[in-house]
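Working notes for the structure below.
The values are calculated or read from the model by the stated rules, or taken from the named source; none is laboratory data. Here the structure is a predicted model, which means the values were calculated and not measured. Cβ coordinates were reconstructed from backbone atoms using ideal geometry, including for glycine residues, and neighbour counts include every protein chain displayed.
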Amino acid sequence: MKNLRFALIFVGVFALILVILKLFPPPGSNQPAFKLIRMEITSPAFKTNDTIPVKYTCDGEGVSPALEFTDIPKAAKSLNLIIEDPDAPNGTFTHLKRTGLPVDKTSFAEGELTDYIPPCPPSGTHRYNFILQALNDKGSQISKVTLTGLYSK
């Protein structure tokens with residue numbers, strides 16, 4: 001019984017040392033420290049919760065803004081890109097829905113999304129959510145991020 005208790009304590013201490021070394025590798029080791037990576041969707045045209053430039057709306061050229069995707073999860077097998085206006089008078093309005101995008105599709109150039117319906121709120125300030133979803137091989141969502149732009153007439 002005493003030997004079993006000693007063995008369990010030894011195994012526990014050894015496991016704790018391994019966890020600490022994994023999270024905080026010794027200086028000079030080429031092993032990276034633990035890092036939480038989060039998928040991102042960004043645009044060079046605007047930052048989240050900033051105003052969408054007129055160029056990308058019905059008051060301008062109405063072209064889609066450039067979008068960039070980073071840190072796609074390794075388990076992802078496909079991506080979905082959805083642009084929605086949750087403030088539309090008759091409920092959420094979908095401005096764009098692209099499904100089944102390949103995971104190596106890490107950006108869209110300005111104007112590349114030809115089926116993009118530009119923001120055109122009838123009144124007040126509306127939020128436009130640019131949603132990126134990562135899906136696994138079963139089609140289940142494993143990650144979701146949103147870039148929100150604002151626009152008002």
Going through 16, 36 one at a time, which residue ends up being at pLDDT below 95, surrounded by fewer than 17 Cβ atoms within 10 Å (Cβ to Cβ) and either within 25 Å of the chain's Cα centre (by Cα) or under 25 Å from residue 139 (Cβ atoms) (or both)? 36
Please enumerate the residues belonging to the range 56-79 that are surrounded by 15 or more Cβ atoms within 10 Å (Cβ to Cβ), outside any strand (DSSP E or B) and not aromatic (Phe, Trp, Tyr). 57, 62, 63, 64, 65, 66, 72, 73, 76, 77
Residues that are modelled with pLDDT of 95 or more, of a type in the set (A, V, I, L, M, F, W, C) and either out of contact with any Phe, Trp or Tyr (no Cβ under 9 Å at 6 or more places or on another chain) or in a strand (DSSP E or B) (or both): does the range 116-129 have at least one? no
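So which of 61, 84 ends up being out of contact with any helix residue (DSSP H, G or I) (no Cβ under 9 Å at 6 or more places or on another chain), in the same structural domain as residue 134 (by TED's automatic domain parsing) and either at pLDDT 95 or above or farther than 21 Å from residue 105 by Cα (or both)? Quick ask: steps written out before the conclusion?
Numbers: 61 fails: out of contact with any helix residue (DSSP H, G or I) (no Cβ under 9 Å at 6 or more places or on another chain).
That would be 84, the only listed residue that is out of contact with any helix residue (DSSP H, G or I) (no Cβ under 9 Å at 6 or more places or on another chain), in the same structural domain as residue 134 (by TED's automatic domain parsing) and either at pLDDT 95 or above or farther than 21 Å from residue 105 by Cα (or both).
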Which of the residues belonging to the range 99-112 are touching a residue at least 24 places away in the same chain (Cβ under 8 Å) and part of a loop (DSSP other than H, G, I, E, B)? 102, 103, 105, 106, 109, 110, 111, 112
Please count how many residues of the range 80-98 are in a strand (DSSP E or B) and either farther than 13 Å from residue 148 by Cα or not charged (D, E, K, R) (or both). 10
